[in-house]
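Following: one structure in structure tokens, then a few remarks.
The values are calculated or read from the model by the stated rules, or taken from the named source; none is laboratory data. The structure displayed is predicted, hence computed values, not measured ones. Glycine also receives a Cβ, built like all others from the backbone with ideal geometry; neighbour counts cover every protein chain displayed.
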Amino acid sequence: MIFPPISHLIARHLLKGPHTITGGGEPDAEALRQLAENLGVAARHRLGRSLSIREVDAGSCNGCELEIHAVNNPVYDLERFGIRFVASPRHADVLLVTGPVTWNMAEALRRTYDATPGPKWVVALGDCAKDGGCFAGSYAVAGGVHEVVPVDLHIPGCPPSPLQILGGLTALLASVAE
Amino acid sequence: MMGNVTLLEFLSAGREVAGHHPWPRFQLDARTWRRMVEQMAVSNWDILAEWAEPTEIHVALRGEDSGAIAVASHPCPDHKFFALSRVRPSAIRLERAIRDLWGLAPEGLEDQRPWLDHGRWGVKRPLGSPRISEGRPHAYRFLTAEGEGLHQIPVGPVHAGIIEPGHFRFHAQGETVVRLEERLGYVHKGVEGLLAGKPVAEAARIVGRVSGDSTVAYALAFARAVEAALGVEVPARAHWLRALMAEMERLANHVFDIGAICNDAAFAIMLSHMGMLREKILRANAACFGHRLLMDRVVPGGVAVDLAEEGWEALAHLLGNFRKLFNKAVALYDNTPSLLDRTTGTGFLPAALAHRFGAGGFVGRASSRGVDARKAPGYPPYDELDFAIPVLAEGDVHARLMVRVEEVRASLRLIDQILKQMPRGPVAAPVPNRGGEGMAVVEGFRGEVLVWVRLSEAGKVVRCHPHDPSWFQWPLLEAAIEGNIVADFPLVNKSFNCSYSGHDL
Ligand code: SF4
């Protein structure tokens, strides 16, 4: 073979353009309202239109993680909004927390929060992250994310769709960049 | 000790419990239970799951040659039982969990450390006779490795990527892993405790969230267990729709895994490509059934939504296109030597270990163990469908990836057949309120998902135990990584892709 298969793939993308949907980054109105209530005005302008997110699974069933992965795929392409996932809480502006917080994860979540430099925001993602969802009331579950760390925004859904996640995160971005 | 006794012959020494379906359950006294454990040292019976009640221990077994399935139970009012882990290392973590949750002591269990209980629940033996426990979280004693130049690398529970939490303790000699030890249980949610006393419909929602990526498999196993317990006949079309959803779930997970494995070998374009393919499936799921991951679509009695005529067409169209794109991506993998160099020979799992632990799914099938619940014990409509189970012997990351590739192709062919042959008619039957015990084994994308359930006369769950295939795969990851370099761990780990949530329960 003269051309390795990767060259076909690259040629295709150059000719036909990316798979990314246009739009999809409209801030969710409800999320904006919630943020306006929760966020102080301090330090909003410091970040510009860029956010680094550290994801923390604090007890999820892994369904929420699947849809967080999806916002990174070429169709939703979260990075085009200046939002990206980072490997360490020390590099993060935002903690994106999923799951009912299990007692076995509560301390790890608290320590991750403490390791994140301010100004910082916490987004609770998924129905479980609000109040424990269908796992509420178990001996092993502390409850929603707010039971352990302060929450600025909740993105509902079980799991939330990629568009809901995009809407929530871009709302956060819009309000911190204000 | 007996010679070649079959599983059912052996267990019939016990008392058969009435009303357990579709496979029998036998209660064994202490002597017979002990003889069973001794027999397991020389027989090739598979452990499918092991769980407990406050004063009884259960194990689901399969006679590997006959394929017969049965549950052996042993009442233990003195809160102890002769441990299976004496002869089967795959039961070690199960029995550590049983002691943590129910307070039954496995006699002869070598590893006395707690497993799911990290000392943070505020209660001991939460499912047995609970006792308030205050005090500090347990300090966990990791196994040691000693020698000059050895160092430790602790990783987790919070990891660097978007993955579930767990702790990995490496002992390394330079770059080479000498020992990996896992510590799990971080996402233990107390699912069995939550299920007790719940109406069937509510319990189905919870079981469908034991491991979100396998929601169809879990919902199906629960539904089939309930239907077995109650003698409910599911309408024919529902069986076919369930299989359609199960294959869509398998496709979505496999293509994403293939992409993610390559991504961990720094070949990101495969992840983008596979992420797109996965997205096509999830959108088709949403369009046809109203949920991207198909949560709550399989319910006891049948399915929650029928497939409309337009949905049928959309799926048929999707598949032709999907196959082409998928084959192109596989050709890219096959023709990229730098990538193959990372996956070939990496993370080798010997066939003997896969058999010894009863590993299923792609982990087992890449190491010569071709068990698949769709074939045996089998369930409708797979008996009317034509498909083969890919089995490889290499046991490395490459083999686990190629098993997935072949399973994707098999699932595409299955969906084709399902769309062509699916009968018309109703999609759900009423679920009566009455009592009974039932069990089901279905093939999730990772392997065999088992659910056991006991229902009360009022139609509520008395007890329910969901078992994840990861129980028998997690320990093998420790073996597969030994002697590899630390930098290959993400690659090997992803090729196993065990469930944390399903295991921690
Ligand atoms: S919100 Fe739903 S998908 Fe997310 S962790 Fe909870 S049960 Fe799983």
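Things to note:
- Which listed residue, of B:GLU181, B:GLU192, B:GLU247, B:GLU233, is away from the ligand (no atom under 16 Å from the Cβ), under 22 Å from B:GLU53 (Cα atoms) and charged (D, E, K, R): B:GLU192
- Qualifying residue in the stretch B:75-82 (condition: more than 18 Å from the chain's Cα centre (by Cα), crowded, with 18+ Cβ neighbours inside 10 Å and modelled with pLDDT of 95 or more): yes
- If you filter the stretch A:1-38 down to residues that are small (Gly, Ala, Ser) and within 30 Å of A:LEU172 (Cα to Cα), you find that the one that is modelled with the lowest pLDDT is A:ALA36.
- Residue check for B:HIS118: closer than 30 Å to A:LEU66 by Cα and in contact with a Pro (Cβ under 6 Å, 6 or more places away or on another chain): yes
- Looking across A:SER60, A:SER88, one residue alone is in contact with a strand residue (DSSP E or B) (Cβ under 8 Å, 6 or more places away or on another chain), more than 14 Å from the ligand (Cβ to nearest atom) and of a type in the set (Ser, Thr, Tyr). It is A:SER88.
- Taking the criterion of being touching a Pro at 6+ places or on another chain (Cβ under 8 Å) and within 16 Å of the ligand (Cβ to nearest atom), the residues of the stretch A:142-178 that qualify are A:ALA142, A:GLY143, A:GLY144, A:GLN164, A:GLY168.
- Failed condition for A:HIS69, given (1) part of a helix (DSSP H, G or I); (2) buried (at least 17 other Cβ atoms within 10 Å of the Cβ); (3) more than 16 Å from the ligand (Cβ to nearest atom): (3)
- Residue check for B:GLU202: outside the structural domain of B:ALA440 (by TED's automatic domain parsing), acidic (Asp, Glu) and either within 16 Å of the chain's Cα centre (by Cα) or more than 23 Å from A:GLU67 (Cα to Cα) (or both): no
- Every listed requirement among (1) away from chain A (no Cβ under 13 Å); (2) free of Cβ contacts under 8 Å to residues at least 60 places away in the same chain is met by B:GLY275 save one, (1).
- Residues that are assigned to a helix (DSSP H, G or I) and of a type in the set (D, E, K, R) within the stretch B:69-100 comprise B:ARG86, B:ARG93, B:GLU95, B:ARG96, B:ARG99, B:ASP100, listed in sequence order.
- If you go through the stretch B:124-160 and pick out every residue that is in contact (Cβ under 8 Å) with a residue 24 or more places away in the chain, within 29 Å of B:GLU56 (Cβ to Cβ) and either at the interface with chain A (Cβ under 10 Å from one of its Cβ atoms) or under 25 Å from the mean Cα position of the chain (by Cα) (or both), you end up with 4.
- Residue satisfying all of: in the stretch B:161-181; within 12 Å of chain A (Cβ to nearest Cβ) and touching a strand residue (DSSP E or B) at 6+ places or on another chain (Cβ under 6 Å); modelled with the lowest pLDDT among these: B:ILE162
- Any hit, the stretch A:134-143, residues being touching a helix residue (DSSP H, G or I) at 6+ places or on another chain (Cβ under 7 Å), within 23 Å of B:ASP504 (Cβ to Cβ), at pLDDT 95 or above and more than 10 Å from every other protein chain (Cβ to nearest Cβ): yes
- Flag for A:VAL97 being within 13 Å of chain B (Cβ to nearest Cβ), within 14 Å of the ligand (Cβ to nearest atom) and touching a helix residue (DSSP H, G or I) at 6+ places or on another chain (Cβ under 6 Å): yes
- Members of the stretch B:212-252 found to be at the interface with another protein chain (Cβ under 10 Å from one of its Cβ atoms) and under 22 Å from B:ARG454 (Cβ atoms), listed by number: B:TYR218
Results for (1) assigned by TED's automatic domain parsing to the domain that holds B:ILE261; (2) among the aliphatic types (A, V, I, L, M); (3) farther than 20 Å from B:LEU220 by Cβ, shown as yes or no for each residue.
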position: B:TYR382; (1), (2), (3): yes, no, no
position: B:ASP386; (1), (2), (3): yes, no, yes
position: B:GLU394; (1), (2), (3): yes, no, yes
position: B:GLU406; (1), (2), (3): yes, no, yes
position: B:LEU414; (1), (2), (3): yes, yes, no
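- Some residue of the stretch B:97-108 being farther than 26 Å from B:GLY193 by Cβ and within 25 Å of the chain's Cα centre (by Cα): no
- Matching residues, the stretch A:117-141, being crowded, with 22+ Cβ neighbours inside 10 Å, more than 14 Å from the ligand (Cβ to nearest atom) and under 19 Å from the mean Cα position of the chain (by Cα): A:TRP121, A:VAL122
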